[in-house]
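Sharing a structure here in structure tokens format.
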Amino acid sequence: MTKKVQVSATVNGETVDFLCEPWQSLLDVLREELHLTGAKEGCNNGNCGACSVLLDGAPVNSCLVLAVEAEGAEITTVEGIAQNGQLHPLQQCFLEGAALQCGICTPGFLVTAKALLDQNPNPTEEQIRFELAGNLCRCTGYDKIIKAVLAAAKNLQEAN
Amino acid sequence: MAAGSDQKKYKVIGTRPIRPDGADKVTGRAIYGADVQLSGLVHGKILRSPHAHAKIKSVDVSAALQAAGVLAVVTGADFPELKDKIAQLGEGAVNLAYLSGNLLARDKVLYKGHAVAAVAARTANQAEEALKKIRVEYEPLPAVTWVLDAMQDDAPLLHDDIHTDSMGNQSEKPSNISTHLHFETGDVGQGFKQADVVIEREFKTASVHQGYIEPHVATALWNTDGRLKIWTSTQGSFTARQQTAELLQIPVSQVTVVPCEIGGGFGGKISVYLEPVAALLSRKCGRPVKMTMTREACFEATGPTPGSYMRVKIGATKEGKIVAGEAYLAYDAGAYPGGMIGPGCMCVFSCYEFPNAVVDGYDVMLNKPKTQAYRAPGATHAALACETIIDELAEKLKLDPIEFRLMNAAQEGTRRVDGPVYPRVGLIECLEAAKASEHYQSSLKGPNRGRGVAAGFWFNIGLKSAATANVNADGCVTLLEGSTDIGGSRASIAMQLAETLGIAAEDVHPAVVDTDSVGYTDVTGGSRVTFATGMAVYQVGRKIRAQMMERAAELWEVDAASVSEADGVYSSGEHSLPFKELAVKLHEIGGPIVGSASVNPQGSSNGFGVQIADVEVDPETGKVSVLRYTVIQDAGQAIHPSYVEGQMQGGAVQGIGWALNEEYFYGDDGQMKNASFLDYRMPTALDVPMIETIIVEVPNPEHPFGVRGVGETPIVPPVAAMANAVYAATGVRMRDIPMSPPKLWKALAEKESS
């Protein structure tokens, strides 16, 4: 038996310490140890994007990241996108634009879209489609998701 | 955009409020099946067959029981014996012996991935390790995975006790063909004699998966008082309860099913897979047991839609009138009987007036997982065959493809080949809307580009729905319903109650509750929820309204007959109060006002749609790009237009994936070679354009607000529309689906060389 490893990281702005097996994925630790179940397991091999989180600002499939790799890192999950009880414009636009149906892929899309807008506040439809191509949605056909991201980008720009 | 409706008729219906469950779903707080946490929770895992077909000679679990952390092991022997008992599950019946055998195999495994044994252990990792210690001795048998091969006399036989049922007659020898269906109308021989043009073609389609992003998951607790509680991700909590109770041979009232948020289903989350197994494990170890499927297991061991072989012939006169049709449809059912051939047969000629038609359908077992419903099950295949030939006929007759369809479109009074005569339906309106659309009127220029159209039909089944509403002290209404919400139905149901009561959508707070907390409700499927559960809440609303009027009479001390209600305002003489204000007062003077209703609309209503696809084919690679796509559909009355559009867009994109890439790819060993989202290629955001929508509204006379279900029809036309578009772009008719780049590239090369 391997010994558990102690890891310190910042999750959604809070410092956390956790113990994990060396082989445990970040997704597993977020869900099972830290009880942040917003990131979802859809495939566990990096092909659906339902487990997307931000690792030092960049979107990753948390099922493909070892939890020990999170040492010292800053992690943002879907639970950390709303601030002080206020939805992020992306969340608001997803709701207003009916950009979710079953909702299981929504956390992954929100996280990935946030990373995109943080980098590129004014993306084209093509850029959004490219950046979100690692997130599968089976319900919406993507139309309303893309429109929601475009609307959120516009709202963010108008607010700034 | 909505055509042909009077939007002013309603206050709430037709608006686009934010869905009631929205905040939880954008903040990660919604509790899906895998998010359930219980005190003392342990984890279950399933051992699956590595063979596509094999006898099980022995199963030895003794070493697994000794493994670290293991609390219980179950095999098929732990299930009660069930001899050919049929359970009615609302949307179809199931033979419990087959269902039980599918959950844990007994003497034979019938497909790769077939469950053989299950382990519960303190951690998921320990359960997985213990699986490796179960010794199963197999005797491999030859496997068959293509429907026509499985129909041969010398094909490997899956069940030696199943004989072909051909309209009540049983075949002498056992067979992989479980059922032969036959529908006939008019005189087909005479019909074809009247035809000036006859086209007959063969089609093949591969198995495809619903592709819901959330894997199957269930948690069961068999409590010390004998009660069984199950938290699961299901399209039907009551049918999950019934299947579980029947498989375990316990009364339904001993079981409570708590429906969690569900991460997609599309028909694939009606049958149980894990619930009864988790229950048996929990009974053995006394702890709550959670079981989650891997993605690989979802592909290999749940319920894809059939692979099919179809041969269809249609004749028309030179004036453009269809005179006869003939269809031979063979759909695979997977490892157990009862696939999607029935609706396939009913749908193949369902869009047009066929004075003479004959349809033969075959339900064929082979070494694949048992097929299940996938959005309009069986209809997409059939539409590919019919709509491709319709396209060819239009071309031969030098008619515009929409014009030709209009000349033959099903309408009120048209008799479908399986018997029913349509009431008022909206196909003609959809075709007219398609013809008039900016998309269809626009010109498509450029090499290797083409436009295709196709129509499609699917039923709206009725079935049982119940609902209860409580009027709260502040005048808001809590609504309890049993229909699990996959795509926004809390919104569409709450809005219908709000409309009935004359209050704002936001003043109705819907909750999808467990099987102990609301009346029996059939599955979320068959495009039925907004239709049938909507009818239930309409009745709930009327009952609440009647009570409010009686109570208002008490409050105002007037004759009850003098109280009237309009637009949510109750009045009698000089008294007048809107619903909310009246409700606040009534709470002080009487008991709570509660309304409950249960409905069971019979028969089915009808949904039609038309789709237009513009594609560009890369002749170097065979890759198809979708340039523009429009979905036109009769929604009867759109309750929440955004979610109606969402159904139309989502169904179309699933169909585009089916047309272009998705397929179960089998090796000669009967094993699926692409059981992952990497190799089973579903459309990504980059693969599709915006999906334009045109909602047509021809009100359904069977529903108080005119609703027609919209969930399934959108997946019926796309495969045909895409095939017709690829033909227009390349001159090649693709009748072997998917039109994946290698296949299309080969077809283009063959055309080039011929």
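The values are calculated or read from the model by the stated rules, or taken from the named source; none is laboratory data. These numbers come from a predicted model, not from an experiment. Here Cβ is always computed from backbone atoms with ideal geometry, including for glycine, and neighbour counts include all displayed protein chains.
For the stretch B:500-532, which residues satisfy the criterion of being closer than 23 Å to B:ASP567 by Cβ and buried (at least 20 other Cβ atoms within 10 Å of the Cβ)? Lay out the reasoning, then the answer.
Of the stretch B:500-532, the ones closer than 23 Å to B:ASP567 by Cβ are B:500-510, B:530.
Listed by number, the residues that qualify are B:THR500, B:LEU501, B:ILE503, B:ALA505, B:ASP507, B:VAL508, B:PRO510, B:THR530.
Please go through the stretch A:54-63 and pick out each residue that is in contact with a strand residue (DSSP E or B) (Cβ under 6 Å, 6 or more places away or on another chain), crowded, with 21+ Cβ neighbours inside 10 Å and not in a helix (DSSP H, G or I).
A:LEU54, A:PRO59
All but one of (1) of a type outside the set (Ser, Thr, Tyr); (2) surrounded by fewer than 23 Cβ atoms within 10 Å (Cβ to Cβ); (3) more than 11 Å from chain B (Cβ to nearest Cβ); (4) in contact with a strand residue (DSSP E or B) (Cβ under 9 Å, 6 or more places away or on another chain) hold for A:ASN47; which doesn't?
Here A:ASN47 clears every test but (3).
Report the residue count in the stretch B:60-81 for those that are surrounded by 18 or more Cβ atoms within 10 Å (Cβ to Cβ) and hydrophobic (A, V, I, L, M, F, W, C).
Number satisfying all stated conditions: 9.
Hey, another quick one. State all residues of the stretch B:540-567 that are in a strand (DSSP E or B), in contact with a strand residue (DSSP E or B) (Cβ under 7 Å, 6 or more places away or on another chain) and aliphatic (A, V, I, L, M); if no residue qualifies, say none.
Correct list: empty.
Do we have any residue at all in the stretch B:266-282 that's assigned to a strand (DSSP E or B), surrounded by 21 or more Cβ atoms within 10 Å (Cβ to Cβ) and outside the structural domain of B:GLY482 (by TED's automatic domain parsing)?
Step one: list which residues in the stretch B:266-282 are assigned to a strand (DSSP E or B), which gives none.
The answer is no, given that none of the residues of the stretch B:266-282 is assigned to a strand (DSSP E or B), surrounded by 21 or more Cβ atoms within 10 Å (Cβ to Cβ) and outside the structural domain of B:GLY482 (by TED's automatic domain parsing).
Restricting to the stretch A:126-160, give me the number of residues that are surrounded by fewer than 17 Cβ atoms within 10 Å (Cβ to Cβ), over 22 Å from A:THR76 (Cβ atoms) and facing chain B (nearest Cβ under 8 Å).
So the answer is 0.
Sticking with this one: Could you say whether any residue in the stretch A:75-89 is more than 13 Å from the chain's Cα centre (by Cα), at pLDDT 95 or above, part of a loop (DSSP other than H, G, I, E, B) and exposed (fewer than 15 other Cβ atoms within 10 Å of the Cβ)?
no
Something else about it: Could you identify the single residue in B:GLY607, B:GLY591, B:GLY636 that is away from every other protein chain (no Cβ under 14 Å), touching a residue at least 12 places away in the same chain (Cβ under 8 Å) and assigned to a loop (DSSP other than H, G, I, E, B)? Working first, answer last.
Values: B:GLY607 fails: assigned to a loop (DSSP other than H, G, I, E, B); B:GLY591 fails: touching a residue at least 12 places away in the same chain (Cβ under 8 Å).
After ruling out the rest, the residue left standing is B:GLY636.
Output the number of the condition that A:PRO107 fails; it satisfies all remaining conditions of (1) outside any loop (DSSP other than H, G, I, E, B); (2) more than 7 Å from every other protein chain (Cβ to nearest Cβ); (3) in contact with a strand residue (DSSP E or B) (Cβ under 8 Å, 6 or more places away or on another chain).
(2)
Determine which single condition A:LEU66 fails, assuming it passes every other condition in (1) within 22 Å of A:PRO22 (Cα to Cα); (2) within 9 Å of another protein chain (Cβ to nearest Cβ); (3) surrounded by fewer than 21 Cβ atoms within 10 Å (Cβ to Cβ).
(2)
List pairs: first residue in the stretch B:210-221 and without any contact (Cβ under 8 Å) to a residue 60 or more places away in the chain and more than 9 Å from chain A (Cβ to nearest Cβ), second residue basic (Lys, Arg) and surrounded by fewer than 24 Cβ atoms within 10 Å (Cβ to Cβ) anywhere in the structure, Cβ distance under 8 angstrom, at least six positions apart or on different chains.
So the pair list comes out empty.
Looking at the stretch B:200-208, can you tell me whether even one residue there is outside the structural domain of B:GLY525 (by TED's automatic domain parsing), modelled with pLDDT of 95 or more, under 30 Å from B:ALA34 (Cβ atoms) and in a loop (DSSP other than H, G, I, E, B)?
Kept after step one, since they are outside the structural domain of B:GLY525 (by TED's automatic domain parsing), are these residues of the stretch B:200-208: B:200-208.
Narrowing further to those that are modelled with pLDDT of 95 or more: B:200-208.
Narrowing the set further to residues that are under 30 Å from B:ALA34 (Cβ atoms) leaves B:206-208.
Then keep just the ones that are in a loop (DSSP other than H, G, I, E, B); that gives B:206-207.
The answer is yes, given that some residue of the stretch B:200-208 is outside the structural domain of B:GLY525 (by TED's automatic domain parsing), modelled with pLDDT of 95 or more, under 30 Å from B:ALA34 (Cβ atoms) and in a loop (DSSP other than H, G, I, E, B).
State which residue is nearest to the chain's Cα centre (by Cα) when the search covers only the stretch A:110-125 and only residues that are of a type in the set (S, T, N, Q) and either within 20 Å of A:THR77 (Cα to Cα) or facing another protein chain (nearest Cβ under 8 Å) (or both). Please lay out each step first, then the result.
Applying the first criterion (of a type in the set (S, T, N, Q)) to the stretch A:110-125 yields A:112, A:119-120, A:122, A:124.
Retained after the next criterion (residues that are either within 20 Å of A:THR77 (Cα to Cα) or facing another protein chain (nearest Cβ under 8 Å) (or both)): A:112, A:119-120.
Numbers: A:THR112: 5, A:GLN119: 15, A:ASN120: 17 Å.
That would be A:THR112.
Would you please list the contacts, defined by Cβ atoms under 9 Å and residues six or more apart or on different chains, that run from a residue in the stretch B:367-393 that is over 17 Å from B:VAL208 (Cα atoms) to a residue that is assigned to a helix (DSSP H, G or I) and among the charged types (D, E, K, R)?
B:GLU387/B:ARG405; B:ILE390/B:ARG405
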